[in-house]
C-alpha cells in the first residue's frame with residue numbers, strides 16, 4: 001500500500017455548505033485501500049478563514065499518524081480474528097465466559113458496523129451514558145466496560161490504535177448505594193454446620209476459620225497443611241487451575257489447631273452413598289500424599305465442584321434456618337468480621353485475608369455489627385466517666401452519678 005503522505009487540502013463551497021476532501025485508509029473484505037472521503041465542515045455562511053481552521057483540525061490527526069491503518073478494521077472482525085485468538089485465551093475461564101457473553105449480547109449489536117477508529121471517546125461515552133435509559137443495571141455496566149477496555153487495550157498493543165479511547169470514560173453513577181456484604185454470626189454458623197454432611201461441613205468450617213476463598217479450598221493439598229499454619233499457593237475454579245488471585249494471596253497463614261485437627265480427621269471418615277438397593281462406602285480421603293487434594297469428591301477423588309456444594313448443601317441448610325444470602329463469599333466476609341469484633345488489629349486481619357491493602361479488608365470485608373457499636377459506646381462512656389471523675393469538676397460529679 002502507498003506510504004502515508006502529508007495532506008493539505010483546501011475547503012471548497014458547494015451550495016449551502018463548506019466541504020473538505022481527504023484521503024483515508026479503509027479496510028474492505030480484508031484488503032486495505034486508500035479512498036477519498038468528502039467531509040461536511042460548516043455552513044456556507046462561515047468565513048473562509050474560520051473554515052480553514054476546521055479543515056486543519058480534521059487533517060492534523062491523519063498527518064501526525066494518530067489515525068492508523070489498523071483503526072479502519074471493523075470492530076467485530078477484529079474481535080473475531082485477533083482478540084479471541086490472542087488475548088482472550090490468556091484470561092481465566094470464568095473471565096473468558098463473561099467477556100464472550102458481554103461481546104455477544106452488548107458490544108457486537110452496538111458496534112458491529114463501526115471501525116475501531118470510529119469508536120472514539122465521545123461515541124463510547126454516549127454509549128455508556130445511555131445505559132440507564134436502556135435498563136442496564138450498574139454491575140452489568142462495569143462488566144461491559146471491563147470487556148470493552150480489554151478489547152481496545154489489545155488493539156493498542158498490536159498497533160491498531162494509538163491510545164485507548166476509554167481512558168477517561170465516566171460510568172453513570174450507581175444509584176443503588178453501598179450495600180453491606182452478607183455475613184453470619186457465630187451462633188448461626190454453628191447451627192448451619194450441624195445441617196451439612198461431611199466432607200462439606202469441614203470445608204465450610206475451614207472457610208470461616210481461615211478466610212480462604214473457595215477456589216483456594218478446592219486447590220488445597222496435604223503438603224500445604226502444617227501443625228498450626230496453612231500455605232496457599234494455587235486455586236481451582238470450574239476446571240481451571242491457576243496461581244492465586246493476587247500476589248498477596250500466596251502466603252502462609254496462622255490457623256487454630258482445631259482447624260488442623262478437623263482437617264486431619266477427614267482421613268478417618270467414610271460416608272455411605274445409596275446406589276439403587278445397595279449402599280456403597282466411600283472414604284473421604286482416597287489418598288493423602290503431599291500432592292493429593294485435602295477436599296476430594298466423594299466418588300472419585302477429583303477436585304470439588306464448589307457450585308454443586310453451594311446448591312445442594314449450603315443453600316438448603318441456610319433456607320431451613322431462615323438465613324438469606326449465605327454463599328462462599330459470605331463465609332470469607334464472616335471470618336474478617338469476627339476477627340474485627342474480637343479486637344484484632346487491622347494489619348493482622350489484613351494478613352489473614354491476604355489483601356494488598358488494609359482498606360479493602362476494613363472497608364469492604366469487615367461488616368457493621370450492632371453489638372460491636374454498642375460495646376464501643378459503652379467503652380467510650382466508661383473512659384469519659386473515669387477521666388471526668390479524676391478531674392473532680394462539678395460537671396464530672398453529675399456525669400459520674
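The values are calculated or read from the model by the stated rules, or taken from the named source; none is laboratory data. The model shown is predicted, which means the values in this text are computed figures rather than measured ones. A quick note on method: Cβ atoms are made from the backbone with ideal geometry, for glycine too, and the neighbour counts reach across all protein chains shown.
For residue 299, the conditions (1) free of Cβ contacts under 8 Å to residues at least 40 places away in the same chain; (2) part of a helix (DSSP H, G or I) all hold with the exception of (2).
Return the residue satisfying two criteria in turn: it lies in the range 253-295 and is assigned to a strand (DSSP E or B) and in contact (Cβ under 8 Å) with a residue 40 or more places away in the chain, and of such residues it is nearest to residue 236 (Cα to Cα).
293
If you go through the range 201-215 one residue at a time, do you hit one that is assigned to a helix (DSSP H, G or I), touching a strand residue (DSSP E or B) at 6+ places or on another chain (Cβ under 7 Å) and surrounded by 18 or more Cβ atoms within 10 Å (Cβ to Cβ)?
Within the range 201-215 (the criterion being assigned to a helix (DSSP H, G or I), touching a strand residue (DSSP E or B) at 6+ places or on another chain (Cβ under 7 Å) and surrounded by 18 or more Cβ atoms within 10 Å (Cβ to Cβ)), the answer is yes, since at least one residue qualifies.
Please verify whether residue 270 is surrounded by fewer than 18 Cβ atoms within 10 Å (Cβ to Cβ), touching a strand residue (DSSP E or B) at 6+ places or on another chain (Cβ under 8 Å) and closer than 15 Å to residue 285 by Cα, treating the condition exactly as stated. Taking the combined requirement at face value, the residue satisfies it. For residue 372, state whether it is in contact with a helix residue (DSSP H, G or I) (Cβ under 6 Å, 6 or more places away or on another chain), farther than 30 Å from residue 231 by Cβ and either at pLDDT below 65 or assigned to a helix (DSSP H, G or I) (or both). Spelling it out, residue 372 is indeed in contact with a helix residue (DSSP H, G or I) (Cβ under 6 Å, 6 or more places away or on another chain), farther than 30 Å from residue 231 by Cβ and either at pLDDT below 65 or assigned to a helix (DSSP H, G or I) (or both). The condition of being outside any loop (DSSP other than H, G, I, E, B) and crowded, with 16+ Cβ neighbours inside 10 Å holds for only one of 192, 166, that being 192. If you check residue 323 against the conditions, is it modelled with pLDDT of 85 or more, in a helix (DSSP H, G or I) and crowded, with 16+ Cβ neighbours inside 10 Å? The answer is no for residue 323. So, of the residues in the range 326-356 that are without any contact (Cβ under 8 Å) to a residue 12 or more places away in the chain and part of a loop (DSSP other than H, G, I, E, B), which turns out to be nearest to residue 185 (Cα to Cα)? Here the residue is 342.
Name every residue in the range 109-123 that is assigned to a helix (DSSP H, G or I) and under 11 Å from residue 74 (Cβ atoms), in order of residue number. Answer for the range 109-123, where residues must be assigned to a helix (DSSP H, G or I) and under 11 Å from residue 74 (Cβ atoms): just 111.
Scanning the range 220-239 for residues being over 17 Å from the mean Cα position of the chain (by Cα) and assigned to a strand (DSSP E or B) gives a total of 7.
Comparison of 52, 60, 126 shows that the only residue that is assigned by TED's automatic domain parsing to the domain that holds residue 16, in a helix (DSSP H, G or I) and free of Cβ contacts under 8 Å to residues at least 12 places away in the same chain is 60. Answer with yes or no whether residue 294 is in the same structural domain as residue 225 (by TED's automatic domain parsing), within 21 Å of residue 263 (Cβ to Cβ), modelled with pLDDT under 95 and surrounded by fewer than 22 Cβ atoms within 10 Å (Cβ to Cβ). When the stated conditions are applied, residue 294 does not pass them.
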